[in-house]
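Presented below is the structure to which this report refers.
The values are calculated or read from the model by the stated rules, or taken from the named source; none is laboratory data. From a predicted model like this one, the values you see are computed outputs, not experimental measurements. Here the Cβ is made from the backbone with ideal geometry for all residues, glycine too, and neighbour counts use every protein chain on show. Ligands, DNA and RNA are excluded from the accessible area calculation, which covers all protein heavy atoms including side chains. Shrake-Rupley method; radii C 1.70, N 1.55, O 1.52, S 1.80 Å.
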Amino acid sequence: MSRAIAMTDSPPAAPPAPARRRSPLAAILRHPGAVLGLVILAGAIGAALLAPVLYPASPWRMVQRPFIPPFTLDRVPLGTDALGRDIAAGLMHGAGVSLLVGLVSTLAALLIGVPLGALAGYLGGRVDDALMRFTELFQTVPSFALAIVLVAILQPSLGSMILAIALVSWPPVTRLVRGEVLSLRSREYVQAAVVTGQTTFTILRREVLPNTLSPIVVLASLMVATAILLESSLSFLGLGDPNRMSWGFMVGAGRTVIRQAWWITAFPGLAILLTVLALNLIGEGLNDALNPRLSRER
Amino acid sequence: MDQALTPPGVAVAVRDLRLALPHGGDRPNAVDGVSFDLLAGEILCLVGESGSGKSMCAHALMGLLPKAVTVAGGSIRLGQTDLLAQDAAGWRDTRGRRIAMVFQEPMTALNPLMRIGDQMAEMFEAHGLLTPRERRARAVALAREVGLPDPEGIVRAYPHQLSGGQRQRAMIAMALALEPAILVADEPTTALDVTTQAQILKLIRDLQRRRNMAVLFITHDFGVVTDIADRVLVLRQGRVVEEGPAAAVLGAPREAYTQALLAAVPAMNPPARPAPDGPKTIEVAGLSKTYVTGGGWWRAPRTVAAARDVSFALRRGETLGLVGESGSGKSSVARLVMRLIEPDLGTVRLGDTDLTRLNGEGLRQARSRIQMVFQDPFASLNPRRTVGQIITDGPVAHGVSRFDAMERAVRLLALVGLDARALERFPHEFSGGQRQRIGIARALALEPEVLVADEAVSALDVSVQAQVLTLLEDLKARFGLSMLFITHDLRVAAQICDRIAVMRRGEIVELKTAAELFANPEHPYTRDLLAAVPGRARDAA
Amino acid sequence: MAGFIAQRLAKGVLVLAAIVVLNFFLIRLAPGDPAVVMAGEAGATDEIFVAQLRTKFALDQSLPGQLAAYLGSIATLDLGYSVRQQMPVATLIGERLPATLLLTGCAFLISIALGVLLGALAARRAGSLADTAITGLALLFYATPLFWVSLMAIILFSVRLEWLPSFGFETVGAGYTGLARAADIAQHLVLPALTLGLFFMAVYVRMTRASMLEVSRLDFVKTARAKGLTEGVIQRRHILRNALLPVVTLAGLQAGTLVGGAVLTETVFAWPGIGRLMYDALLQRDYNLLLGVFVVSSAMVLIFNLVTDVVYRAVDPRIEVAR
């Protein structure tokens, strides 16, 4: 332990790393799809941030008579729903819920998946066996059905939704990290670190995990997209937080009146589609930027 | 231009071939104005180090260049056709029927989902020849001709059921199917063990004579050239350096480059060495390791002995070579000695410490005394850390301050022939040989007593290999190191080892001084190995 | 092969047992008395029935005892009783299962056939306009919420164009029999199967394309070219066949998502399968039924995985060596 402290005490003689290759950011910006994705995502984030400013009142409030078609009244540009609620207000408030749930549940899934995968891959043997059986179990279970059961039993709320989505989303992370670590573990530079007497923790932190980072980042961006789809699906079934307006709930609420008022379901659905599409485009851009070898011949 | 036929006796005439690399490469042309004639009934060897363009020439003959490489000029004339001017249908007709090719990697060159016989029959199918039944019969006959065991059975086998040598035989059988006048062989024995290599070389030579084919043989190995070539063409950076009959080029090379290349090939006769008489630094006794793989609920597991009762000792200043073919367990022994894998039985003693008894922190501390140089100069350095970090991480983990470690790293870099500016660079900025020097500096940074070199020069070109070998020898003498040198290359072993242990299936079958081993091999396996080393004719001369 | 199937079956049973254990603990996550929860939460609960449940699930015993009793009852295919629907859960699910199998089966076939076809086409012409169009379309379907595309399909094809029925399994009260009935069901099946299949089609398009591009770089493809084979034969026989292996693996992994997706599709189209049953159970907070559907859908996924394992083994001769 004292050794570790002594290490941080010594002056950092190593010079800062010079810029290597092309920066990933520049590479993403050369990817037209990813730029489009970033623009859409920025729009969604902007809507979420501006919602309390532009529509300070509750989005559940009745503002006009019901079933006003879009583009007819300036005060409610996207029309009203069956209860006279402003669809534009709902869309802006819903953006926050979708992004928040998508982001937090993905982070939670990473928090479960990365350590499990790293341990399974690096330790191998029985630990690996046990962890992979456990992961397989979660991968076999129909994830959406499990999420429904979890939210239903825990009672619908933002927290239970995040927990449920995280619990059904971590297995791919574990598998990815395990695979990467497994292949890195037998890499000669990791063996060299073992041989020069570095500690397991240092080796994982310094030699193994940084080299697994780019596939994890790519996977995470796609996971946020999937999480938003899951969130909207749960909300659509009425399992959303009853106090928060969300896109999935809006689609679900408009479903019964779909024959009279297409716009009540169309706009929030379009919002989900665009956001998920944007995240997928960003994910592809990240993949091309971070794993140039794989994408060269695309 | 000579629009006429190629002159009689010339199978293929290559004129001023220029192949352009994509922009941003290290040079504009992979192949830059190469001309040669491949004569009917001869074996022409294209020799060169990596990046010489020899493989590109071979692929150009088949019209199989990578997408990024384009033909910038020249002609390849076969009979009345200029191959480079023909369309896709023309190429399809040429491939297999007029020119056939054998590739380097027999493990990946066959479709894993198709039976061997079907893949051979495809050769006839591609050119609309024979009925399916006749194709099958021909496949069996071809398998027999290339010496595959149980031809009827093997045509029904899948590639994974064959050994590397058998797969290469199958590839050759396929190439011969339509009796092409020209065979292009791109490093066909490089991925094979030395004894298998000898068999495949003999097979190619025999078939070439029997069918009076012209063979364009690509290789980097002058031993192989000695054994197989009628004529030799030496390439360097896409240009022809020297051309002539094999005896002339190998015996009395005119160009300095060829002379240097030939001089770098290690000789088979070990130089005289003083017997090391220092104290024993490392003692390995009864080391055993068995791998158990597969084995489900209904299947018996497969066991592979990686090491069986392996014992040896090393004196200060001594180099012990562990030689053997793939699967002999030589690399496993290196990793067992390093405690990178756990032995089932046996001890590794460093002075008075038993390395196999240590664990956790004790083991970590003891590791500084025995260090390793790895095989792959590209995989053995973390791409995300600077050379300075790579060299100093070890000493820092053993309590040296980063500052002192850096000072030591500068001295070490000078010692291995690199500039101090290398410290701030990343591994990808260095060549293979330079990376291997960095790997050596990393190992020496911990001031070890024992150095384990696992195929440390196998991935390097022959000229770079000679330099690194000299460096290792020099450093060993300077620091009084003991060295365990693992290699599959008996020539390299002859040059650097005081004593040599020959391994087969996890066992040491013979262990004696290098001079003794080469002069009087006792074990039949040692004799086979020595007899299979390519290019012995040149050593005898 | 028989040994292999037996081995996978045994493994499947173990996984299913683990899922049942998970189920057992899920019930205990719910607030309140497990017996009351199982009986259908507050209100309308018969005291005697709750007492019966209590003895049946050995709720008066220790936790391991309760678990053993629960496992025992599941092993005898007793999934409990739905108080809301006044029927055993197993019977309810049994009635609805064929409709779900029909829907997911059709959706799977549509998605894999179209997905592989379009993916192969895109890979063959990588970089072309056709490739861009196919990958763009795949990306779009991949990002579209399943329930929303179902609703939009209803608006377009049922409400506006009046081509296809928008809900149900067959025309109620029409009294069709034989072929006429089959045609009627098929008409009702088109929209749900297509919308459910589109998302998975996108998945297979992407996988097939990526996998084919990957395989086309391998050495044996160069060998095939060196034989003088035509591009079509090389693509079909050498590239596509090898590229399909990861697609089969993916199909196995996607089975869970497919069954989950059926909940949404069946809800939107009022398709009388177990997904719709799950939605009803959800609305009524009928936990016993909810968990029953969960266990049965897990079993469906397991069986599907078994099939993909067998297919993989049949296609890849190396499998015996690899494991």
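How would you rank C:231-239, A:127-135, highest first, on the average number of other Cβ atoms within 10 Å across their residues?
Top to bottom by mean Cβ count within 10 Å: C:231-239, A:127-135.
Sequence-distant or interchain residues sharing an amide H contact under 5 Å with B:C45, placed H: which?
Close amide H contacts, sequence-distant or interchain: B:F217, B:D230, B:R231, B:V232, B:L233.
What's the FRET efficiency of C:Q284 with C:A182 using the Cβ-Cβ distance as r and R₀ = 51 Å, to the nearest 0.05?
0.95
Please average, across the residues of A:131-140, the number of beta carbons from any other chain that are within 10 Å of each residue's own beta carbon, and give a whole number.
Going residue by residue through A:131-140 and averaging, the value is 4.
List the residues, sorted by chain then number, that are 5 or more residues from B:A313 or on another chain and whose placed amide H is less than 5 Å from its amide H.
B:V284
Could you compute how much accessible surface C:L264 exposes when probed at 1.4 Å, giving the result in Å² to the nearest 10?
10
Add +1 for every Lys or Arg and -1 for every Asp or Glu among the other residues with Cβ under 14 Å from the Cβ of A:P171, and state the total.
Result for the local shell: +2.
For the modelled label position 7 Å from the Cα of B:F479 along Cα-to-Cβ, which residues of the stretch B:391-410 have backbone nitrogen atoms closer than 13 Å?
Residues B:391-392, B:394-395, B:408-410 fall inside that zone.
Could you tell me the calculated FRET efficiency between A:L36 and A:L107, based on Cβ-Cβ distance and R0 = 25 angstrom, to the nearest 0.05?
The computed FRET efficiency comes out at 0.50.
Quick check for you: with a 1.4 Å probe and neighbouring chains kept, what is the accessible area per residue of chain A, in Å²?
Dividing the accessible area of chain A by its residue count gives 43 Å².
How much of the accessible area of the stretch C:95-315, in percent, comes from carbon and sulfur atoms when a 1.4 Å probe is used?
With neighbouring chains kept in place, the figure for the stretch C:95-315 is 68 percent.
Can you check what the net charge comes to around C:G173, using other residues whose Cβ is under 14 Å from the Cβ of C:G173 (Lys, Arg +1; Asp, Glu -1)?
Surrounding charge for C:G173 is -1.
Please report, largest first and rounded to whole Å, the three semi-axes of the ellipsoid equivalent to the stretch C:95-315, where each semi-axis is the square root of five times an eigenvalue of the C-alpha gyration tensor. Intermediate results must be reported in sequence, preceding the final value.
Numbers: eigenvalues 264, 83, 49 Å².
Over the Cα atoms of the stretch C:95-315, the semi-axes work out to 36, 20, 16 Å.
Between C:V311 and C:R160, what length in nm is gained on full extension when 0.36 nm per residue of separation is reduced by their alpha carbon distance?
So the chain would gain 50.1 nm between C:V311 and C:R160.
Can you tell me which lysines have their Cα less than 24 Å from the Cα of C:K222? Leave out same-chain residues fewer than eight positions away.
Straight-line reach from C:K222, under 24 Å: B:K54, B:K67.
Calculate the FRET efficiency for B:A68 and C:L109 from the Cβ-Cβ distance with a Förster distance of 25 Å, rounded to the nearest 0.05.
The calculated FRET efficiency here is 0.05.
From the gyration tensor of the Cα coordinates in the stretch B:118-187, what semi-axes in whole Å does the equivalent ellipsoid have, largest first, with each one equal to sqrt(5λ)?
After scaling each eigenvalue by five and taking roots: 18, 16, 10 Å.
State, to one decimal in nm, how far the label point of B:R133 lies from the label point of B:E516, with both points 7 Å from Cα in the Cβ direction.
A separation of 6.5 nm, rounded to one decimal place.
How much accessible area per residue does the stretch C:241-323 have, counting only protein heavy atoms and a probe of 1.4 Å, in square angstrom? Let's see the in-between values first.
On the way: 2570 Å² over 83 residues.
Per residue, the stretch C:241-323 has 31 Å² of solvent-accessible surface.
Mind listing which trypsin sites (Lys or Arg not before Pro) in the stretch C:60-154 are in a DSSP loop and have 16 or fewer other Cβ atoms within 10 Å?
Counting only loop positions with at most 16 other Cβ atoms within 10 Å, the trypsin sites (Lys or Arg not before Pro) in the stretch C:60-154 are C:R125.
Mind jotting down a quarter of the surface of the convex hull over the alpha carbons of the protein assembly as shown, in square nanometres, one decimal?
Details: hull surface 216.2 nm².
That works out to 54.1 nm².
Just want the answer: with Cβ charges of +1 for Lys and Arg and -1 for Asp and Glu, which residue in B:A501, B:V464, B:S380 is farthest toward the dipole's positive end in the stretch B:375-501?
Checked the options; the winner is B:S380.
What is the distance, in nm, between label points placed 7 Å from the Cα along the Cα-to-Cβ direction at A:V127 and at B:T81?
Taking the two extended label points, one gets 6.1 nm.
On average, how much area does the Cα convex hull of the stretch A:250-292 cover when viewed from any direction, in nm²?
For the stretch A:250-292, the mean projected area of the Cα convex hull comes to 3.2 nm².
So if I place +1 on the C-beta of Lys and Arg and -1 on the C-beta of Asp and Glu, and nothing else carries charge, what would the dipole magnitude of the stretch B:385-526 be about its Cα centre? I want it in debye, nearest 20.
On the way: 16 positive and 19 negative charges, 59 e Å.
The dipole of the stretch B:385-526 has a size of about 280 debye.
Return the aspartates and glutamates within reach of C:K11: Cα separation strictly under 17 angstrom, same-chain partners fewer than 8 residues apart disregarded; answer none if there are no such residues.
The reachable aspartates and glutamates, counting only those whose Cα sits under 17 Å from C:K11, are A:D129, A:E136, C:D309.
Report the Cα-based extents of the stretch B:10-50 along its three principal axes, largest first, to the nearest Å.
Result for the stretch B:10-50: principal-axis Cα extents of 40, 21, 11 Å.
If you take the accessible area of A alone, add that of C alone, and subtract the area of the pair, what total do you get in Å², probe 1.4 Å, to the nearest 100?
About 4300 Å² of accessible surface is lost on pairing.
For the pair A:Q155/A:D74, report the inter-label distance in nm, with labels modelled 7 Å from Cα in the Cβ direction.
4.6
With charges only on Cβ, +1 for K and R and -1 for D and E, what is the dipole size of the protein assembly as shown about its Cα centre, in debye, rounded to 20? Mind showing how you got there, number by number?
Working: 112 positive and 96 negative charges, 111 e Å.
That gives the protein assembly as shown a dipole magnitude of about 540 debye.
Per residue, how much accessible surface does chain B expose to a 1.4 Å probe? Answer in Å², no decimals. Mind dumping the intermediate values first?
Numbers: 21810 Å² over 541 residues.
Here the per-residue accessible area is 40 Å².
Quick check: net charge around B:L250, other residues with Cβ under 14 Å of its Cβ, Lys/Arg +1 and Asp/Glu -1? Working shown, then result.
On the way: positive: B:R231, B:R254, B:R536, B:R538; negative: B:D221, B:D227, B:D230, B:E242, B:E243, B:E255, B:D539.
It works out to a net charge of -3.
Please give the length that would be gained between B:M107 and B:D344 if that part of the chain were fully extended, namely 0.36 nm times their separation in residues minus their C-alpha to C-alpha distance (nm, one decimal).
Length difference between fully extended and current span is 82.2 nm.
For chain A, give the magnitude of the charge dipole about the Cα centre (Cβ charges: +1 Lys/Arg, -1 Asp/Glu; no others), in debye to the nearest 20.
Details: 23 positive and 15 negative charges, 65 e Å.
Here chain A has a charge dipole of around 320 debye.
Below 17 Å, Cα to Cα, which lysines can B:K289 reach? Residues fewer than 8 away in the same chain don't count.
Cα-Cα hits under 17 Å: B:K330.
Chains B and A: how much accessible area gets covered up at their contact, both sides added, probe 1.4 Å, in Å² to the nearest hundred?
Counting both chains, the buried surface is close to 2900 Å².
Got a number for carbon plus sulfur as a percent of chain B's accessible area, 1.4 Å probe? Walk me through the numbers before you get to the answer.
Numbers: 10870 of 21810 Å².
Roughly 50 percent of what the probe reaches on chain B is carbon or sulfur.
Taking every pair of distinct Cα atoms and averaging 1/r, then inverting, what Kirkwood hydrodynamic radius in Å comes out for the stretch C:88-128?
Computed over Cα pairs of the stretch C:88-128, the Kirkwood hydrodynamic radius comes out at 12.5 Å.
Taking every alpha carbon pair in chain B, what does the distance histogram look like in 20 angstrom bins from 0, in percent?
Taking all Cα pairs of chain B, the binned fractions are 19, 48, 29, 3 percent.
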